[in-house]
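Notes follow once the structure below has been shown.
None of the figures in this text is laboratory data; all of them are computed from the coordinates on show. Model, not experiment: these values are computed from the prediction. As a convention, Cβ positions derive from the backbone with ideal geometry for all residues, glycine included, and neighbour counts pool all protein chains shown.
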Amino acid sequence: MSRLHDTFQALRRDGRKALIPYITPAYPCPGVTPALMHAMVQAGADVIELGMPFSDPSADGPAIQEANEQSLANGMNLPQVLAIVEEFRRRDQRTPVVLMGYANPIEQYDQHARAGAFAADADRAGVDGVLVVDYPLEVSAELSRELQRHGMDMILLLTPATSDERIRLIAERASGYAYCVSVKGVTGVRSLDLDQVRHTLRRARRHISLPLGVGFGIRDAATAQAVAQMSDAVIVGSWLLETLRGKTAEQALQAAGALIQNLRRHLDATKASAS
């Protein structure tokens, strides 16, 4: 079984919810990312989502757009992202790593190397899953097959606007976990409708047996705790990147560790309240 499957199974047995931070490599400064990943795991992260920098992240708000711009300005590209995962794996063979981003860098990677090169190299580096924001189901089948061939999961998105028919298709093709977008809009929005999240999750669970993670719009520990009570995983990106903005490497490690520790306490409080 995959690291993602094993991680979610262990959390479920313990009555706990997954904490999944998203970071952009080479942000807030070059060279910090492997240490930042380790610091977040030590603080209580269960899965790491690592961005694949792209110049036009159309589904993302200002925080992730800024992080992408700085990452690219710092010379980051997809081969270097895989090198970061490989470096992380030298010390951590347990924590799942999911690459999240857009189709363009993956397609360019395969064009410059060979068909299927991205999946093969991602597997070699130690990647566990891939989430491509702008790949609709109709064109994701080839990448899905390549990932499956190399034992990696294809994470798929669903939104409050996703139809029941499409949710059924997602249930057939997704693996690892399903990413439930909490809002109608881009990442980092300022408000989150918990009733809408609850309704989306209820609809998803009619068809999807995979763990359901919720992201886009979680900006404080109280909201994270509320989301954890109705989902299997809480995904935090823009809030974390805003916390890291402008910091040195040492400051970033401290800030990320403190944020993740605080979130871990709030998520684990849902277990205590349920027991």
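Brief remarks on what is shown
- Given +1 at the Cβ of Lys and Arg, -1 at the Cβ of Asp and Glu and no other charges, the dipole of the range 3-269 around its Cα centre is 860 debye to the nearest 20.
- Judged by the gyration tensor of its Cα atoms, with axes a ≥ b ≥ c, the range 1-133 is prolate; a/c meets the 1.5 cut and a/b is the larger of a/b and b/c.
- Extension gain for Gln9 to Asp220 (0.36 nm times residue separation, less C-alpha to C-alpha distance): 73.3 nm.
- Expected 222 nm ellipticity per residue - DSSP helices of 4 or more, -39500 (n - 2.57), all of the chain, to 500: -15500 deg cm²/dmol
- Residue-by-residue Karplus 3J(HN,Hα) for the range 235-240, coefficients 6.51, -1.76, 1.60, Hz, glycine and proline x: 10, 10, x, 4, 4, 5
- Under the Debye formula (equal points on every Cα, no solvent term), log10 I(q)/I(0) of the range 3-269 at q = 0.09, 0.12 Å⁻¹: -0.35, -0.65
- The Asn104 and Arg149 beta-carbon pair, evaluated with R₀ = 25 Å, returns a calculated FRET efficiency of approximately 0.65.
- If R0 is taken as 25 Å, the Cβ-Cβ distance between Gln261 and Leu72 corresponds to a FRET efficiency of 0.25.
- Sites Glu138 and Arg91, calculated FRET efficiency, Cβ-Cβ separation with R0 45 Å, nearest 0.05: 0.70
- Entry note, the range 3-269: relative contact order of 24 percent, from Cα contacts under 8 Å with a spacing of 6+ residues.
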